């Protein structure tokens, strides 16, 4: 727990550097792999839920994903971090993944993509 707390504190200090075309292409690939990260409560990927706010490349080969949760009190940060690490680093889209948890702007259902809405409707949600 201490390791993740320190990592999260360090991630909070990261600032997005200027991105090259290669960085932007790699960030796009990272976003595609983040679609494999499924919110355990809703069963929808974090990109289509609108939880991923930004993705950039830091220090040449480290992916930084700026994202939020549906609620700051969500107990699933460790689960999502583990899934994201497996999806991004496991598929060699980056050598390291850092999740930068952010709370502004607060997440709202309006941030869900149309694909996410279709998936939620298929599960019986009214969105």
Determine the distance separating the Cα centre of the stretch 1-61 from the Cα centre of the stretch 80-95; give it in Å without decimals. 10 Å
Report, to the nearest 10°, how far helix 21-34 tilts away from the longest principal axis of the Cα atoms in the chain, using its own Cα long axis and a range of 0 to 90°. 40 degrees
Angle between the Cα long axis of helix 77-88 and the longest principal axis of the chain, 0 to 90 degrees, nearest 10? 70 degrees
Separation in nanometres of the label points that stand 7 Å from Cα toward Cβ, at residue 71 and residue 101: 1.4 nm
Testing the spin-label approximation: label points 7 Å from Cα along Cα→Cβ at residue 10 and residue 36. State their distance in nm. 2.4 nm
Taking the beta-carbon count within 10 Å as an exposure proxy, list 56, 103 from fewest neighbours to most. 103, 56
Which residue fluctuates the most in the chain, going by a Gaussian network model with Cα springs under 10 Å, if the choices are 62, 21, 114? 21
Using 0.36 nm times the number of residues separating residue 126 and residue 110, minus their current alpha carbon distance, what extension gain do you get? 4.5 nm
What is the gain in length, in nm to one decimal, between residue 54 and residue 25 on full extension, counting 0.36 nm per residue of separation less the C-alpha to C-alpha distance? 9.1 nm
Just to be sure I understand the model, the point goes 7 Å from the Cα along the line to the Cβ. What's the resulting residue 91 to residue 118 distance in nm? 1.9 nm
Ranked list, fewest to most other Cβ atoms within 10 Å of each Cβ, for 107, 101: 101, 107
Please say if the chain is rounded, prolate or oblate, where rounded means a/c under 1.5 for a ≥ b ≥ c the square roots of the C-alpha gyration tensor eigenvalues, and otherwise the choice is prolate for a/b larger than b/c and oblate otherwise? prolate
0 to 90° range, to nearest 10: angle between helix 2-12 axis and the chain longest Cα axis: 90 degrees
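Just so you know, all these numbers are worked out from the coordinates, no wet-lab data involved. Keep in mind that what you see is a predicted model, and the values were worked out from it rather than measured. Heads up, the Cβs are rebuilt from the backbone with ideal geometry, glycines too, and the neighbour counts pull from every protein chain shown.
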